[in-house]
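J.: Here it is, the structure in full.
The values are calculated or read from the model by the stated rules, or taken from the named source; none is laboratory data. The structure presented is a predicted model; accordingly, all values stated were derived computationally and were not measured. Every residue, glycine among them, receives a Cβ derived from its backbone with ideal geometry; neighbour counts consider all protein chains shown. Protein only, heavy atoms only, side chains kept; ligands, DNA and RNA dropped before computing areas. Shrake-Rupley method; radii C 1.70, N 1.55, O 1.52, S 1.80 Å.
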Amino acid sequence: MLYLYHGTTSVCAIKARLALHEKGLEWDGEILDLHRGDQHRPEYLQLNPNGVVPTLVHAGRVIIESTLIIEYLDESFPDPPLMPSDPFQRAQARLWMKKIDDYLHAACSTVTFAIAFRQGLLKRTPEELEARFKSIPDPAYRERQRLSVTQGIAAPHVAPAVKNYDKYIGEMEATLSRSSYLVGESYTLADLAATSYVNRAEMVAMDGLWSNRPHVAHWLERVRARPSYDRAITDYFTDADKERFKFPREEISHKVGEILQVN
Ligand SMILES: N[C@@H](CCC(=O)N[C@@H](CS)C(=O)NCC(=O)O)C(=O)O
């Protein structure tokens, strides 16, 4: 039995759900309310000491880290394959995923909290907010989240995050001008992982990043047309989630544009 601990809008959990749906696997799971702090419950920390989702449990064994989870699923359930068979192409697919783990994920979390989640969090009392920050195990992540929430898009680490997003999408555009997918002509884990982050960029009004990048726009249309997209992403969004992503889109889009104009 495959059992996934996940969150409704979590970009990393979406990677795991996309892989499960692309593979047509039967699975069960529990949705943690990350806004309530379910990820910090002692029994969950036993499974994932980082206090984050996703966590996969398969045959009683625990796998954490979304990139490792999707590779594990691909290796354990080879059909249909989501990694190329050629070793060089496999390395290319891993490089796209490594860049997400190295910098795009942090950028994504920064813009998500600074643009969308801060509004809800700022309604909490200072004591409640402090308790939330204190419960984040990783000190660097804790400080980033504190700044994103308290200062919003003006926080000093937001501009580098937006630029990192721009860098990744720019690299996607260059590659997709030469091939249909990020690695060659077939959909792979590289596309699956990127889907979650490009989708999030749109949710936080950063879709201007591909307004002049037609190959990314066309790729996004194609990955969204896959049945896994609704089943793993949109079907999970609750009314409360949709509320969290309501903010003055034009204003944010304009500020993102200004950030990108400054070198
Ligand atoms: N490197 C980890 C990152 C996991 C992560 O940051 N998950 C986020 C959701 S995408 C989370 O659970 N955040 C909980 C929190 O913000 O307290 C992975 O890829 O699994």
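J.: Over the Cα atoms of region 2-76, compute the convex hull volume and normalise it per residue, giving Å³.
T.: Working: hull volume 5.9 nm³, N = 75.
Once divided by residue count, the hull of region 2-76 is 79 Å³.
J.: At a 1.4 Å probe radius, carbon and sulfur cover how many percent of the accessible area of the chain? Display every interim value, and only then the final one.
T.: Values: 6580 of 12370 Å².
For the chain, the apolar C and S fraction of the accessible surface comes to 53 percent.
J.: Looking at HIS105, SER85, PRO156, which one has the Cα that reaches farthest to the positive end of the dipole of the chain (charges on Cβ: Lys, Arg +1; Asp, Glu -1)?
T.: PRO156
J.: Taking every pair of Cα atoms in the chain, average 1/r, invert it to obtain the Kirkwood radius, and report Rg/Rh to two decimals.
T.: Over the Cα atoms of the chain, Rg/Rh equals 0.95.
J.: OK, next. When Lys and Arg each count +1 and Asp and Glu each count -1, what net charge do the other residues less than 11 Å away from ARG231, Cβ to Cβ, add up to? Intermediate values should be presented prior to the final figure.
T.: Details: positive: ARG17, ARG226; negative: GLU22, ASP230, ASP235.
Once positives and negatives cancel, what remains is -1.
J.: Still on this structure, please answer the following. Counting alpha carbon pairs within less than 8 Å and at least 6 residues apart, what relative contact order, in whole percent, applies to the chain? Walk me through the intermediate numbers first.
T.: Numbers: 319 pairs, mean separation 61.9, N = 263.
Reported as a whole number, the value is 24 percent.
J.: What is the total of Lys pairs in the chain with C-alpha atoms under 23 Å apart, excluding same-chain pairs fewer than 8 positions apart?
T.: Step by step, the pairs that qualify in the chain add up to 19.
J.: How far, in nm, would the chain grow between SER211 and ASP101 when pulled straight, counting 0.36 nm per residue and subtracting the alpha carbon separation?
T.: On the way: separation 110, 0.36 × 110 = 39.60 nm, distance 2.50 nm.
Net length gain for the segment: 37.1 nm.
J.: Something else about it: To check my understanding: the extent here is largest minus smallest coordinate of the Cα atoms along each principal axis. What are those three numbers for region 112-263, in Å, largest first?
T.: Rounded to whole Å, the extents work out to 52, 39, 30 Å.
J.: Let me ask another. Can you give me the C-alpha center-to-center distance between region 215-233 and region 118-158, rounded to a whole angstrom?
T.: The two parts, judged by their Cα centres, are 31 Å apart.
J.: Kindly provide log₁₀ I(q)/I(0) values, in the same order as q = 0.15, 0.16 Å⁻¹, from the Debye equation applied to equal alpha-carbon scatterers of region 1-150.
T.: Listed by q, the Debye log ratios stand at -0.84, -0.94.
J.: Next question, about the same structure. Using 0.36 nm per residue of separation minus the Cα-Cα distance, give me the extension gain between PHE88 and LYS163 in nm, one decimal. Walk me through the numbers before you get to the answer.
T.: Working: separation 75, 0.36 × 75 = 27.00 nm, distance 2.84 nm.
Contour length minus Cα-Cα distance gives 24.2 nm.
J.: Could I ask something else about it? Among DSSP bridges having both ends in region 2-76, what percentage is antiparallel? Round to the nearest 5.
T.: Working: 8 of 12 bridges.
Given both bridge residues lie in region 2-76, the antiparallel proportion sits at roughly 65 percent.
J.: Rounded if a/c is under 1.5, else prolate if a/b is larger than b/c, else oblate: which is region 189-263, with a ≥ b ≥ c the root eigenvalues of its Cα gyration tensor?
T.: Working: a/c = 2.59, a/b = 1.24, b/c = 2.09.
It is oblate, given that a/c is not under 1.5 and a/b is not larger than b/c.
J.: Please calculate how many Å² of accessible area the chain carries per residue, with a 1.4 Å probe and no DNA, RNA or ligand atoms counted. Intermediate values should be presented prior to the final figure.
T.: Working: 12370 Å² over 263 residues.
Per-residue value: 47 Å².
J.: Report the relative contact order of region 2-76, percent, no decimals, based on alpha-carbon pairs under 8 angstrom and at least 6 residues apart. All intermediate terms of the calculation are to be shown ahead of the outcome.
T.: On the way: 101 pairs, mean separation 29.1, N = 75.
With pairs under 8 Å counted, the relative contact order is 39 percent.
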